[in-house]
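Q: Below is the structure I would like to discuss, written out as C-alpha cells.
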Amino acid sequence: MQNIKPIVYAALLNVCPRVFPIAPPDDFEEFPCVSYLEIYNAERATADDEEYVSDIDIAIDLWGETPEELSALALSVNAEMRKIGGRRVGCQDLPPDDGVQHKNMIYNFKEV
C-alpha cells in the first residue's frame, strides 16, 4: 500500500499555511484553510507478491470567506496537485455553512 498523504500535505502547504488532515477544527475561524483525506487506496498491480502500483483518491476541501477567494485557491491547489501527479476527477461548490464558503476537489493518483 502506498501512502501519498505526506506528499499531498507538503504540496498543499505551498498554497495555504493552514492545512488540516480530515477537517479543520470545529472552532477554527482563520480563512482560507484547506483539509484533505484519503478516500480510496487500492492495489492495482503486484509482482512477486508485492504491490507496486496503487490507485489512490484524495479529497481536498477548501474553506474561505468569499467565492472569489475559493476560486483563486482552487486554481493554486490544482496546479500543485498536477505537479505531484494528481489528476482532478471532481470539483464542486458546496452550500455555505454559517457563512463559510466550501469547495470540494477530488484527485486521483497512480502511485508506483
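Q: With the requirement that a residue be part of a helix (DSSP H, G or I) and either of a type in the set (A, V, I, L, M, F, W, C) or free of Cβ contacts under 8 Å to residues at least 60 places away in the same chain (or both), what does segment 70-90 give you? Steps first, answer last, please.
A: Narrowing segment 70-90 to residues part of a helix (DSSP H, G or I): 70-83.
Those that are part of a helix (DSSP H, G or I) and either of a type in the set (A, V, I, L, M, F, W, C) or free of Cβ contacts under 8 Å to residues at least 60 places away in the same chain (or both): 70, 71, 72, 73, 74, 75, 77, 78, 79, 81, 82.
Q: Also: Does residue 53 satisfy being assigned to a loop (DSSP other than H, G, I, E, B) and either in contact (Cβ under 8 Å) with a residue 40 or more places away in the chain or small (Gly, Ala, Ser) (or both)?
A: no
Q: So, one more: Can you find a residue in segment 49-62 that is modelled with pLDDT under 95 and surrounded by fewer than 12 Cβ atoms within 10 Å (Cβ to Cβ)?
A: Yes: segment 49-62 contains one or more residues that are modelled with pLDDT under 95 and surrounded by fewer than 12 Cβ atoms within 10 Å (Cβ to Cβ).
Q: Let me ask another. What is the number of the single condition among (1) assigned to a strand (DSSP E or B); (2) within 29 Å of residue 1 (Cβ to Cβ); (3) not small (Gly, Ala, Ser) that residue 95 does not meet?
A: (2)
Q: Being touching an Asp or Glu at 6+ places or on another chain (Cβ under 7 Å) and closer than 23 Å to residue 26 by Cβ narrows it down to one residue among 108, 104; which is it? Walk me through it before giving the result.
A: Values: 108 fails: closer than 23 Å to residue 26 by Cβ.
Answer to the check: 104.
Q: Would you confirm whether or not segment 18-38 contains a residue that is in contact with a helix residue (DSSP H, G or I) (Cβ under 7 Å, 6 or more places away or on another chain) and either among the polar types (S, T, N, Q) or assigned to a helix (DSSP H, G or I) (or both)? If you could, list the steps in order and put the result at the bottom.
A: As a first pass, look at segment 18-38 and keep what is in contact with a helix residue (DSSP H, G or I) (Cβ under 7 Å, 6 or more places away or on another chain): 19, 32, 34, 36, 38.
This time we only want the ones that are either among the polar types (S, T, N, Q) or assigned to a helix (DSSP H, G or I) (or both), so: none.
No, there is no match, as no residue in segment 18-38 is in contact with a helix residue (DSSP H, G or I) (Cβ under 7 Å, 6 or more places away or on another chain) and either among the polar types (S, T, N, Q) or assigned to a helix (DSSP H, G or I) (or both).
Q: Can you pull out the residues in segment 1-41 that are touching a residue at least 60 places away in the same chain (Cβ under 8 Å) and either exposed (fewer than 12 other Cβ atoms within 10 Å of the Cβ) or among the charged types (D, E, K, R) (or both)?
A: 39
Q: Next question. Taking the stated definitions as given, is residue 44 surrounded by 13 or more Cβ atoms within 10 Å (Cβ to Cβ), part of a strand (DSSP E or B), touching a strand residue (DSSP E or B) at 6+ places or on another chain (Cβ under 9 Å) and modelled with pLDDT of 95 or more? Let's see the steps before the verdict.
A: On the way: surrounded by 13 or more Cβ atoms within 10 Å (Cβ to Cβ): yes; part of a strand (DSSP E or B): yes; touching a strand residue (DSSP E or B) at 6+ places or on another chain (Cβ under 9 Å): yes; modelled with pLDDT of 95 or more: no.
It is false that residue 44 is surrounded by 13 or more Cβ atoms within 10 Å (Cβ to Cβ), part of a strand (DSSP E or B), touching a strand residue (DSSP E or B) at 6+ places or on another chain (Cβ under 9 Å) and modelled with pLDDT of 95 or more.
Q: Also, I was wondering about something else. Say we look at segment 55-67 and pick out the residues that are closer than 18 Å to residue 18 by Cβ and not small (Gly, Ala, Ser); which of these is nearest to the chain's Cα centre (by Cα)? I'd like the intermediate steps shown before the answer.
A: As a first pass, look at segment 55-67 and keep what is closer than 18 Å to residue 18 by Cβ: 58-66.
In the following step, the residues that additionally are not small (Gly, Ala, Ser) were identified as 58, 60-63, 65-66.
On the way: 58: 5, 60: 3, 61: 6, 62: 9, 63: 12, 65: 19, 66: 19 Å.
Across segment 55-67, the extreme among qualifying residues is 60.
The values are calculated or read from the model by the stated rules, or taken from the named source; none is laboratory data. Only a predicted model underlies this, so the values are computations on that prediction, with no experimental measurement involved. In this analysis, Cβ positions are derived from the backbone assuming ideal geometry, glycine residues included, and neighbour counts consider all displayed protein chains.
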